[in-house]
Amino acid sequence: MRYTATIHVRPKPEVRDPQGDAIRSALGSLGLGVASVRTGKEIVVTFDAADESAARVAADTMGRELLANPVVEDFRVELSAT
Amino acid sequence: MVRVAILRFPGTWSERDFAHALEVAGAETEILWHDDARLAGFDAAIVPGGFAYGDYVRAGAIARLSPAVAELRRFADEGGAVLGSCNGFQILCEAGLLPGALTRNVGLEFRCDWVRMRVESDATPFTRGLRGDLVRMPIAHGEGCWTADEATIDRVERDGLVAFRYVDERGAATPDANPNGSANNIAGLRNEAGNVVGLMPHPERCAEEVLGGVDGLRVLNSLVTSLGTSPALAVR
């Protein structure tokens, strides 16, 4: 089966996000005052796996071993069969 | 003669500067390409600055998975002296050889400047006899904000793992002296054993008067002297 995993990576809540702060300030320049902005990224990976549980294990490994740094980032996986 | 290996990844940019500066310090150097790096027979290994593997994903994240870093981990476990500067420090943290992580500078600016630091620990071959000294070195980085959870920050302070701290000309660790927002003005760390050291500044770029300072040479001289006089530190 072919699966698509969307892996969302975000700085942990207690970690500063200077990019988010810069966006907040830029939104202020647009007249859109906001309380806070947190940034992150999403990585979309398409791959083959025997079944959904194997696909989830693989996607979690990708997040843990490469895509997120557990010291400062959290990640979340959305998985779908394609 | 002390033999120092300098690792070179695709995107490393400071390896020849390190080779030159280490030769000024009296070491014999060899630059090793990442896919066939063998550290047996070397006394020390340097992970220089640059953008290893383009720093895609995160600074140092892909380098962590390379065979050269597996070899570096073996070398460090056996007590070999390892120094990571700038991107090398980022790689050592990503590899778990040093605690914490280096994140985007507060303010988002890439900082290319001179900084002042106090040497906080002399329990490393790179800082023998330098504890308490103020040193000036160049920096050039966008992701040098050292960050960790509170327990880790407490541990590095309590166990004396802070090797270098950003300070002002009077030796005070002020926010203005901190170029990137690092926790507790931490500029460099050592591991528990003291054989692994990482720092954001570039000792190799201040090893001759013509470059504006020689404080980097003091770090490299310390390595040559430490390994030359205490062979127990050297991996043969």
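Annotations for the structure displayed:
- Each of B:Cys112, B:Cys93, B:Cys86 was scored by other Cβ atoms within 10 Å of its Cβ. Arranged with the fewest first, they read B:Cys112, B:Cys93, B:Cys86.
- Only helices enter this figure: runs of n ≥ 4 DSSP H residues, each worth -39500 (n - 2.57), summed and divided by the residues of chain B, yield -6500 deg cm²/dmol at 222 nm to the nearest 500.
- For the stretch B:3-233, diffusion coefficient by Stokes-Einstein and Kirkwood Rh (Cα), 4 °C, 1.567 mPa s, µm²/s: 76
- Low-density loop positions, trypsin sites (Lys or Arg not before Pro), the stretch B:1-47 - DSSP coil, at most 14 other Cβ in 10 Å: B:Arg38
- GluC sites (Glu not before Pro), loop per DSSP, at most 15 other Cβ atoms within 10 Å - longest free stretch of chain B: B:1-77
- Radius 11 Å from Cβ of B:Ala173, net charge of other residues (Lys, Arg +1; Asp, Glu -1): +1
- GNM flexibility winner over chain A from A:Ala35, A:Ala58, A:Ala49 (Cα, springs under 10 Å): A:Ala35
- Degrees separating the helix A:52-62 axis from the principal Cα axis of chain A, which is the longest one: 50
- The protein assembly as shown - share of DSSP beta bridges that are antiparallel (%, nearest 5): 70
- Given charges at Cβ of Lys, Arg, Asp, Glu: the stretch A:2-81 dipole, positive-most of A:Thr61, A:Ser36, A:Ile7: A:Ser36
- Alpha-carbon centroids, the stretch B:45-78 and the stretch A:1-52: separation in whole Å: 26
- For A:Asp74, the residues whose modelled amide H falls within less than 5 Å of its own, excluding neighbours fewer than 5 places apart on the same chain, are A:Arg10, A:Lys12.
- For B:Trp146, B:Trp33, order by how many other beta-carbon atoms lie within 10 Å, fewest first: B:Trp33, B:Trp146
- Hz values of 3J(HN,Hα) by residue in the stretch A:77-82 - Karplus curve (6.51, -1.76, 1.60), Gly and Pro given as x: 10, 10, 10, 9, 7, 10
- Ordering B:His141, B:His20 from the fewest to the most neighbouring beta carbons within 10 Å gives B:His20, B:His141.
- For chain A, the relative contact order comes to 53 percent (Cα pairs under 8 Å, sequence separation of at least 6).
- Net charge of neighbours whose Cβ lies under 10 Å from the Cβ of B:Gln90, counting Lys and Arg as +1 and Asp and Glu as -1: -1
- 3J(HN,Hα) from dihedral phi, the stretch B:142-149, Karplus parametrisation 6.51/-1.76/1.60, rounded to Hz, x for glycine, proline: x, 10, x, 7, 6, 9, 7, 6
- Zone residues, the stretch B:74-112, relative to A:Ala26, backbone N less than 14 Å from point 7 Å out along Cα-to-Cβ: B:108-109
Bear in mind these aren't lab numbers, they're just calculated from the coordinates by the rules spelled out. Because the structure is a prediction, the values reported are computed rather than measured. Every residue, glycine as well, gets a Cβ built from its backbone with ideal geometry; the counts of neighbours run over all protein chains shown.
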